Amino acid sequence: MGWWTTKSSPQVAEPSGAGNIAGNDDQFQRSLDVPDEEPDPTQNRIIVPFSTLLVVSAMSLGFASGMMNGARHTALVYLAENAHKRPTTVQGWYFYNKTKYYRMILGGFRHGGSTSLRLAGWVAGWSLLDVLAEDARSYLAARSDGSFANSFESRVLQKLGHWSDGALAGFLTGLVGAISCTS
């Protein structure tokens, strides 16, 4: 229990002189009581946009994947570089493995960082294109000139939803990736 009193606990007399001015015992006791109702859970909720969660999760998964691949690659490079001078003593093997593990950690962090930034950049680009496609669709659907407002295209644009925005963003992201890889 805390320093406050609850309704089930017996009444505790407050120390003399502590807030007992003009007979406010009842008011003092009510201010220390725990409220009966639970607080509204929506008031304390932290709301993070989906695109932010997507970029952060892509960055963390990219780091984990790049760390594993980078550490494995660095270990193989170290093995290839030192294949001609293998240790012969116990102490030599100790330092060989110790150096290999340090290089694996550094190589893993290096490759993990680059992979996480690359993957987060692509996902952020997709998220940006998704938001832009949604804004463009909403703008075209809400445009109020008389020829377009009641036309078939207006009704089609209103029915297109988030899936089509994501598909358009994915197509544009793939197009940018294909163009950037060929140049």
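A few points about this structure:
- Within region 136-177, the residues that satisfy the criterion of being modelled with pLDDT of 85 or more and more than 21 Å from SER57 (Cβ to Cβ) are PHE171, LEU172, LEU175, VAL176.
- The condition of being closer than 30 Å to GLY170 by Cα and touching a residue at least 12 places away in the same chain (Cβ under 8 Å) holds for only one of SER57, SER65, that being SER65.
- Criterion violated by GLY112 - all others in (1) modelled with pLDDT under 85; (2) closer than 30 Å to ALA75 by Cα satisfied: (1)
- Screening ASN69 on (1) surrounded by fewer than 16 Cβ atoms within 10 Å (Cβ to Cβ); (2) over 23 Å from GLY177 (Cα atoms); (3) modelled with pLDDT of 90 or more; (4) of a type in the set (S, T, N, Q) shows it passes everything except condition (2).
- Of the residues examined, ALA80 is one that is in a helix (DSSP H, G or I) and more than 30 Å from ASP165 (Cα to Cα).
The values are calculated or read from the model by the stated rules, or taken from the named source; none is laboratory data. Since this is a predicted model, take the numbers as computed values, not measurements. Here Cβ is always computed from backbone atoms with ideal geometry, including for glycine, and neighbour counts include all displayed protein chains.
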